[in-house]
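Right, one structure below, let's go through it.
The values are calculated or read from the model by the stated rules, or taken from the named source; none is laboratory data. On a predicted model such as this, the values are computed, not experimentally measured, just so you know. When we count neighbours, we look across all protein chains shown, and the Cβ atoms used for this are built from the backbone with ideal geometry, even at glycine.
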Amino acid sequence: MSIYSERLAALEALLFAAGEPLGIDVIASILETDYEEAYLALDQLMLAYRRDHTSGLCLRQIDGRFTLSTKPEVNETVARLYRPQHRPALSQAAYEVLGIVAYNKKVTRAQIETVRGVNSDSALARLIERGYVEAVGHEESPGRPMLFSVTDLFLLEFGLRSTDELPAVDLMSFEVVEKLTKQFHEEE
């Protein structure tokens, strides 16, 4: 095996063993190489997976980090392995909350409810339970409310590199709703 092939094999094994997205700094450090060589190896591995139609894997980039993932064509088959027998589908309310969290990047429970106009506790709890949303800190405001954001699992399952790839939808933004509310009250 050539040194080049060994590096690709080591990269593939590293990404497989990690089980979560790795940054280029970690990859380069473990492979004992510079960033440029690490990026080159990642590009080559990504190309190899694209060319290999017999493989069910692909290399994905998520928020500047890299991970192995199943190809979209086999996701349904793999999902059967993890699908609980009685796990209900997400409700319309849960999808609305998920959209609000994804579009706002970091949002409080009160901001979610302002956008939706109704209590969203159970929908938010279900999304946290499913691993699509997580608490990421506290807002620097009175009461220090909890901030929520989408997870890497959300990005993986929805085929996104980051939330920046979401199509533009202004009405999902807390700031847009807040501006509209202020304008409405000013016109009264």
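For beta carbons closer than 9 Å, sequence separation of 6+ or different chains, a first residue in the range 48-70 that is assigned by TED's automatic domain parsing to the domain that holds LEU8 and among the basic types (Lys, Arg) and a second that is exposed (fewer than 13 other Cβ atoms within 10 Å of the Cβ) and not in a strand (DSSP E or B), the qualifying pairs are ARG60/GLY159; ARG65/GLU20. Among the helices (runs of 4 or more DSSP H) confined to the range 1-108, the ones with at least 2 residues that are surrounded by 15 or more Cβ atoms within 10 Å (Cβ to Cβ) are located at 3-18, 24-31, 35-51, 92-104.
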